[in-house]
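Down below is the structure, laid out as structure tokens.
The values are calculated or read from the model by the stated rules, or taken from the named source; none is laboratory data. For clarity, every value in this text was computed on a predicted model and none was experimentally measured. All Cβ positions, even for glycine, are placed from backbone atoms using ideal geometry, and neighbour counts span all protein chains on display.
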Amino acid sequence: MPTYRPTFMLLNSNKAPNQPVCFECISNSRILRADTDWWDLYHQTFPQEEQEPPQAILDSLDQGVGLAFRVSNKEKTIGLATVHLLTNPSAVFLVYLAIDPAERRKQIGAHFFDYIYQTGAAKLKEMGYRSVGFVWEITASQNPNTQEATALARKINFFEQNGGTVLPYKYFQPPINGSAAVPMHVMFRPGDEGVTLEATNPAALIQAMYCEKYAAINYINPELLEELLEVIST
């Protein structure tokens, strides 16, 4: 695996003027395993049913099909992400993205989001694939009149401002940490090489997410995945 150089940025905001942060891509599982701030943020951010076992994340790095990312300041890791590199069709699947709540609203998220995609797409290009774009899941709210729904609306607004579109599919994340599939939305952002949403096959992207990520890395029963794909297709 190649070494990706850290990218440093000076972010200017009212809360933290000229606060330097570093964006890094991590392909070495030993480096990721040792970053306790990264794992603390991971466990604090995502609900239990959405957390895959840490070993699955580490295995994806070791197998060369996944990448991890972090944002750090002079003190600690303040942001994280992981992606899975899909090949059929070729796309960057954003699995996790989080910024420490104390560090939000400082222009970090949008820059980090773009850095993640550009790095993933460059890695796919090294592997001989042209990325059609960026795809990710976002939790679906079950009650429109709750704090959860308000938080979801903010997340969707962030992703839409950064080029994402909610795909018109009834989608479920396979049960990676529990017995039940989790209702979610799927969002997509076309790549930067002339690919459009209209020219992309969203159903094929979802099938690749299921087969290349959830079956191969999380060892989800293929029969269950087929059942979920049938629900999604209807």
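Of note:
- Checking each residue in the range 65-82 for being of a type in the set (D, E, K, R) and farther than 11 Å from residue 23 by Cβ picks out 74, 75, 76.
- Any hit, the range 99-110, residues being in contact (Cβ under 8 Å) with a residue 24 or more places away in the chain, in a loop (DSSP other than H, G, I, E, B), in contact with a helix residue (DSSP H, G or I) (Cβ under 9 Å, 6 or more places away or on another chain) and farther than 19 Å from residue 213 by Cα: yes
- Test result for residue 161, at pLDDT 95 or above and either closer than 19 Å to residue 48 by Cβ or surrounded by fewer than 17 Cβ atoms within 10 Å (Cβ to Cβ) (or both): yes
- When the residues of the range 176-234 are filtered to those that are assigned to a helix (DSSP H, G or I), under 29 Å from residue 161 (Cβ atoms) and over 16 Å from the mean Cα position of the chain (by Cα), the one that is modelled with the highest pLDDT is 207.
- Meets criteria (at pLDDT 95 or above and either assigned to a helix (DSSP H, G or I) or of a type outside the set (Gly, Ala, Ser) (or both)) for residue 33: yes
- Condition check for residue 134: over 22 Å from residue 221 (Cα atoms), modelled with pLDDT of 90 or more and touching a Gly at 6+ places or on another chain (Cβ under 7 Å): no
- Count of the range 124-175 residues, restricted to those that are under 16 Å from the mean Cα position of the chain (by Cα) and charged (D, E, K, R), is 3.
- Every pair of residues 6+ apart whose Cβ atoms lie under 8 Å, when the first sits in the range 123-146 and is without any contact (Cβ under 8 Å) to a residue 12 or more places away in the chain while the second is hydroxyl-bearing (Ser, Thr, Tyr): 125/131
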